[in-house]
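The values are calculated or read from the model by the stated rules, or taken from the named source; none is laboratory data. On a predicted model such as this, the values are computed, not experimentally measured, just so you know. Here Cβ is always computed from backbone atoms with ideal geometry, including for glycine, and neighbour counts include all displayed protein chains. Side chains included, ligands, DNA and RNA excluded: accessible areas come from the protein's heavy atoms. Shrake-Rupley method; radii C 1.70, N 1.55, O 1.52, S 1.80 Å.
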Amino acid sequence: MTHPGATPSDKHKVVIIGSGFGGLNAAKQLKRADVDIKMIAKTTHHLFQPLLYQVATGIISEGEIAPPTRVVLRDQKNCQVLLGEVTNIDLQNQTVDSILLGHTYRTPYDTLIVAAGAGQSYFGNDHFAEWAPGMKTIDDALELRGRILGAFEQAERSSDPVRRDKLLTFVVVGAGPTGVEMAGQIAELADNTLKGAFRHIDSTRARVILLDAAPAVLPPMGEKLGQKAAARLEKLGVEIQLGAMVTDVDRNGITVKRGDGTIDRIECATKVWSAGVSASPLGKIIADQSGAEVDRAGRVKVLPDLTVPGHPNVFVVGDMAAVDGVPGMAQGAIQGAKYAAKLVTAELKGADPAARAPFQYFDKGSMATVSRYSAVAKVGKIEFAGFFAWLAWLFLHLIYMVGFKARLTTSLSWISTFIGSHRGQLTITEQQAYARTRIEQLEEIAAAVEDEKAAS
Ligand SMILES: Cc1cc2nc3c(=O)[nH]c(=O)nc-3n(C[C@H](O)[C@H](O)[C@H](O)COP(=O)(O)OP(=O)(O)OC[C@H]3O[C@@H](n4cnc5c(N)ncnc54)[C@H](O)[C@@H]3O)c2cc1C
């Protein structure tokens, strides 16, 4: 099926997969290029993932961090935004297949920029996902918000102290930046925003546990900053358990193997999974056809110009690409995408593809917030923590958000939360918390019915 609304054109066809940091920046960088761009993404929005945890803990709304991509690119006439999940890439015939509501569309390309990002990894235990949602999408964040606030609601109605304790125990698995941010914010939600709002329970007695199989908090930030973040979390009352590997997750809790080999159990209703990433399966499709390798996280080991062997017109950027020295962070995707788009523009003007300079990553540093007024930051060899790191974090995140209105409303939400302890997004619905589980159950039932039909 071809694309309705698409005008046939003899211009150079650029297909971009993904509307995240990589995809959006590739498209914008090609704004003035004489090309015909099709951006295909499975979500209608450009998601600012670094602030997802604030949606999950009721500080900001999902609209503030996820503007519709087609509105963002409204004035860029050389770009058509298409909703659909890419299911196949044919490197030989230079086409991309995508599916929207059962319809398959085939899109030809001259240049392909793949920026489909990464999903959550449960290290082969995908069944954990039902009880421990990750933090990758708007659905994840809304589901977690529903579960976190729903647990407080149920605890208020419970007369069984054991059940109450379980409902008021929140476990965050993975002590990287997302885990640290989530643990800190659940603790602040319980201690500040919800304090005094219940009559039967005391929200400040909620137990927040941050655990990780690794021996340190925030390992990529180095030992000193990791310890500072851990100290700040402990001051907030977060229990940190390191060298603790999760071996099972169910409705009522998690099973943990400790460093000394002992196994124990933590009864907890709400679990958050922020322990690993797995690159988009499109990486494997590209690797199989090009002879490129994929690493353990499914990332494509690209050539120095971010392309794959034998296909100088196919770029893989962002979280899907394994490039030495480039972290799986927004800047890696932004810089990789801009590099690819600049090569396309230059070569359309006659530059020699054989003379490409390799991609070079410029490290602008990394940071993570721990709680209000506290963050850790590392820029080159300079490390700093505390209030100024937190201010720098606020400022930089505002700069990278898309749209003036989103920046303004987010600033107001932050003032209200960080100065006044109020959170404006505490509305939850039953469907937000449990719809996905129910949809999956319905799909299983539908599949079983199909199997039965086929067998009879
Ligand atoms: C919770 C969280 C917090 C983070 N915090 C920070 C931070 O503080 N600082 C920082 O620098 N980085 C942070 N990151 C990492 C950063 O967000 C990523 O490195 C960055 O988003 C990678 O950009 P990308 O374009 O490769 O992928 P993404 O931004 O993930 O975009 C992928 C796009 O591909 C689309 N897609 C995926 N599969 C398909 C398919 N089959 N068909 C069509 N479309 C598809 C998706 O819908 C999406 O539009 C964080 C990430 C998370 C999850």
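Annotations
- Beta bridges per DSSP with both ends in the chain, % antiparallel, nearest 5: 55
- For peptides 123-131, 340-348, sequence by mean Cβ density within 10 Å, most packed first: 340-348, 123-131
- Of the accessible area of the chain, computed with a 1.4 Å probe over protein heavy atoms only, carbon and sulfur atoms account for 55 percent.
- Maximal additional length on extending the Ile382-Ser9 stretch stands at 129.2 nm, based on 0.36 nm per residue less the C-alpha distance.
- Cα gyration tensor shape for segment 267-371, rounded if a/c is under 1.5, else prolate or oblate: oblate
- In segment 126-275, the inverse of the mean reciprocal separation of distinct Cα atoms equals 15.5 Å; this is its Kirkwood hydrodynamic radius.
- Exposure ranking of Asp264, Asp305 by accessible area [1.4 Å probe, largest first]: Asp264, Asp305
- Spatially, segment 19-43 and segment 277-314 are offset by 20 Å when compared through their Cα centroids.
- Estimated 222 nm signal from helices in the chain, with DSSP H stretches of n ≥ 4 weighted -39500 (n - 2.57), rounded to 500: -10500 deg cm²/dmol
- 5 angstrom amide H check on Phe359, placed H, neighbours 5+ away: Asp305, Leu306
- In angstrom, the C-alpha Rg and Dmax of the chain are 23.0, 75.
- Proportion of all alpha-carbon pairs of segment 23-176 beyond 27 Å (%): 41
- Annotation: amide H of Gly424 has no partner in the under-5 Å range at sequence separation 5 or more or interchain, hydrogens built in the peptide plane.
- Rounded to whole Hz, the Karplus (6.51, -1.76, 1.60) HN-Hα couplings of segment 269-282, x for glycine and proline: 7, 10, 10, 10, 10, 9, 9, x, 10, 9, 5, 3, x, 4
- For the pair Thr95 and Asp305, the difference between a 0.36 nm per residue extended length and the Cα-Cα distance amounts to 73.5 nm.
- Cα gyration tensor category, rounded, prolate or oblate, for segment 109-168 with a/c compared to 1.5: prolate
- Whole-Hz couplings from phi, Karplus 6.51/-1.76/1.60, listed for segment 125-134; x for Gly and Pro: 10, 4, 5, 4, 4, 4, 9, 9, x, x
- When you work out D = kT/(6 pi eta Rh) for segment 302-456 at 25 °C and 0.890 mPa s, using the Kirkwood radius from C-alpha pairs as Rh and the Stokes-Einstein form, the result is 120 µm²/s.
- Partners for Lys364 among aspartates and glutamates (Cα-Cα distance below 18 Å; same-chain residues under 8 apart left out): Asp319, Asp324, Glu383
- With a Förster radius of 45 Å applied to the C-beta separation of Phe404 and Ala447, the computed FRET efficiency comes to 0.45.
- Listed by chain and number, the lysines whose C-alpha is less than 19 Å from the C-alpha of Lys342, apart from same-chain residues fewer than 8 away, are Lys11, Lys13, Lys28, Lys31, Lys38, Lys77.
- Rounded FRET efficiency, nearest 0.05, which uses the C-beta distance separating Ala351 from Asp260 and R0 of 56 Å: 0.40
- Pairs of Lys in segment 126-275 closer than 24 Å at Cα, counting only those 8 or more apart or on different chains: 10
- Rounded to 5, percent antiparallel among DSSP beta bridges of segment 255-351: 75
- Solvent-accessible surface of the chain, averaged per residue with a 1.4 angstrom probe and all protein chains in place: 48 square angstrom.
- 0 to 90° range, to nearest 10: angle between helix 387-400 axis and the chain longest Cα axis: 40
- Using a Förster distance of 60 Å, the FRET efficiency for Thr247-Asp75 (Cβ separation, nearest 0.05): 0.70
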